[in-house]
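K.L.:
One structure, pasted below without further comment.
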Amino acid sequence: MVQLLSPDGTRTPHPELDAVIAGNGGEDDLASPERLRGYYRDMVMIRAADLEATSLQRQGQLGLWASALGQEAAQIGAGHASREQDYLVPTYREHGIAWARGIEPWRLLESFRGVSHGGWDPNALRTHPYMIVLGSQAPHAVGYAMGLQRDGVVGTGKKETDTAVLALFGDGASSEGEVSESFTFAASFQAPVVFFTQNNQWAISVPTSVQTRVPLAQRSRGWGIPSVRVDGNDVLAVLAAVRDGLDAARAGEGPRFIEAVTYRMAAHTTSDDASRYRPSSEEEEWAAKDPILRLRRHLEQLGEIDEEFVARCDEEAHDLAMQLHHHIHGMEDPDPLGMFTHAYAEPHPIVEAEREQYLEYIAQFEDEGGDENADDATPSRDQNAEQDTAEQNGERA
Ligand SMILES: Cc1ncc(C[n+]2csc(CCOP(=O)(O)OP(=O)(O)O)c2C)c(N)n1
Ligand SMILES: [Mg+2]
């Protein structure tokens, strides 16, 4: 497993990736003190946003939240490894990726609150909307990558415009047939795509040991796709491996597969109770490998971090959490009928029938309560929150 920072923060040399970190002789040093402090700040910011989102869900302001706690280095490393023109295809837990790509964190909350279908312009930010269907990221990414080949922006030798795709998915999703099919297409067409799996040890309650008998990274080798297993709690190892893979892909060298070994510190989502299936000793063991702490120790060893900087990051993170809180309360509820509007580009008989059915459903409440306002007839967010809490307490019907 590739590691550039050991858990105590010591930098360990690597025969190939050191050159990538140093900018391959012509670019900026990816491990300059300024950049390292930047990664640290990023990780502190997204952790605070994540904790705030969890609180907002508990307050009934979000329907659900999928926490990325513990996966900050994997996501900030991979996000910053991509170049501006690259296209990223995320899952639903990619908050650090979104941050690194410049997506405002409250955009993420819109979908989890159910007030938008996506939340950002995928073309402008070169980052696809979150996708919950497991494994669907892979064929979308390979298709996009094959399109890039046909657009002539692969292997021209221009690093500023040659483009690659980063497909993100979890250890569990890697068992989906779509991922295997995508490996076939990517290898056959030598598509400029890097498959990046965050092996966070769990797929809800199923451990990675059930998904695979060999290290996940080995899976792609039968397709002739080179792979590497990196320490996913080491921001520099992830950064170097993903930058290297994407640059090879954009240069026309074909696909790569990267497994980042990390840990999902929280439950699967706010609807899950991880204590039912994993021991707290495991959580404690991984807490000692905390990715933020590791980078901080490294910066301390270099003498490049002081209390003032740490305090400023914490303050900014607190401000970000407050902003999220503020934005949530400013989000307007959408027209419930809007969900039928963009299902298809043109009218569709089934969608039309469903729309009519829903109109009739809403009308029932108007008859009963004599209330003219259809929105008030749907259960309120507070009522939903009460029901969710009851379900979490095991009071299911
Ligand atoms: C095709 C499909 N099957 C099942 C689900 C339900 N589901 C949502 S997340 C999840 C576990 C995914 O685990 P993993 O791929 O390891 O990603 P992680 O949640 O750990 O980030 C499952 C089974 C789904 N979203 N899509
Ligand atoms: Mg997983």
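K.L.:
How are the C-alpha pair distances of the chain spread across 20 Å bins, as whole percents from the shortest bin up?
P.N.:
Result, from short to long distances: 26, 55, 18, 1 percent.
K.L.:
What do you get for the angle between helix 381-392 and the principal long axis of the chain? Use alpha-carbon atoms, 0 to 90 degrees, nearest ten.
P.N.:
70
K.L.:
Separation between the H329 and V210 pseudo-spin-labels, each 7 Å from Cα along Cα→Cβ, expressed in nm?
P.N.:
Reported label-point gap for H329 and V210 is 4.3 nm.
K.L.:
If you keep only loop residues by DSSP, which GluC sites (Glu not before Pro) in the stretch 135-233 have at most 10 other Cβ atoms within 10 Å of their Cβ?
P.N.:
Here the GluC sites (Glu not before Pro) that fit, given the DSSP loop and packing criteria, are E160.
K.L.:
Please report the base-10 log of the normalised intensity I(q)/I(0) for the stretch 216-283, using a Debye sum with one equal scatterer per alpha carbon and no solvent, at each q in 0.17 (1/Å).
P.N.:
Computed log10 I(q)/I(0) values: -0.74.
K.L.:
Calculate the spin-label point distance for D8 paired with E308, positioning each point 7 Å from the Cα along the beta-carbon direction, and give it in nanometres.
P.N.:
3.0
K.L.:
Further question: About its Cα centre, what dipole magnitude does the stretch 17-330 give when the only charges are +1 on Lys and Arg Cβ and -1 on Asp and Glu Cβ, stated in debye to the nearest 20?
P.N.:
Using only the charged Cβ atoms, the result is roughly 920 debye.
K.L.:
Here's another thing I want to ask about it. What is the sum of charges around A22, taking Lys and Arg as +1, Asp and Glu as -1, for the other residues whose C-beta is under 11 Å from the C-beta of A22?
P.N.:
Cβ neighbours under 11 Å give a net charge of -4.
K.L.:
Where a ≥ b ≥ c are the square roots of the eigenvalues of the C-alpha gyration tensor, would you call the stretch 84-189 rounded, which needs a/c under 1.5, or, failing that, prolate if a/b is larger than b/c, or oblate?
P.N.:
Cα axes put the stretch 84-189 in the oblate bin.
K.L.:
State to the nearest 20 debye the size of the charge dipole of the stretch 141-257 about its Cα centre, where the only charges are +1 on K and R beta carbons and -1 on D and E beta carbons.
P.N.:
200
K.L.:
Which residue, I46, I362, I328, has the most motion in a Gaussian network model of the chain that connects Cα atoms within less than 10 Å?
P.N.:
I362
K.L.:
Once the Cα atoms of helix 72-81 and of the chain are each reduced to a long axis, what angle between those two axes, in degrees from 0 to 90 to the nearest 10, is obtained?
P.N.:
Orientation of helix 72-81: about 70 degrees from the principal axis.
K.L.:
Give me the net charge for the shell around S174: Cβ to Cβ below 11 angstrom, other residues only, Lys and Arg +1, Asp and Glu -1.
P.N.:
-3
K.L.:
Could you state the number of Å between the C-alpha centres of the stretch 36-104 and the stretch 331-368?
P.N.:
The distance from the Cα centre of the stretch 331-368 to that of the stretch 36-104 comes to 33 Å.
K.L.:
Please identify the longest segment of the chain free of exposed trypsin sites (Lys or Arg not before Pro), where exposed means a DSSP state other than H, G, I, E or B and no more than 11 other Cβ atoms within 10 Å.
P.N.:
Formally, the longest exposed-site-free interval is 214-395.
K.L.:
Rank A187, G96, Y144 by how far each Cα sits towards the positive end of the charge dipole of the chain (+1 on Lys, Arg Cβ; -1 on Asp, Glu Cβ) and give me just the farthest.
P.N.:
Highest projection toward the positive end goes to A187.
K.L.:
Over 23 Å, how big is the tail of the calculated P(r) for the stretch 1-96, in percent of all Cα pairs?
P.N.:
The share of Cα pairs beyond 23 Å in the stretch 1-96 comes to 38 percent.
K.L.:
Could I ask something else about it? Choose one of T161, T341, F257: the residue whose Cα lies farthest towards the positive end of the charge dipole of the chain (beta-carbon charges +1 Lys, Arg; -1 Asp, Glu; about the Cα centre).
P.N.:
F257
K.L.:
Then there's this: If you take every DSSP beta bridge fully contained in the chain, what fraction is antiparallel? Give it as a percent rounded to 5.
P.N.:
10
K.L.:
Continuing with the same structure: What is the gain in length, in nm to one decimal, between M1 and E16 on full extension, counting 0.36 nm per residue of separation less the C-alpha to C-alpha distance?
P.N.:
Here the answer is 4.0 nm.
Read-outs: derived from the displayed coordinates by stated rules, not from any lab. Treat the numbers as computed from the prediction; the structure is a model and nothing was measured. Reconstructed Cβ throughout: ideal geometry from the backbone, glycine too, with neighbour counts over all protein chains shown.
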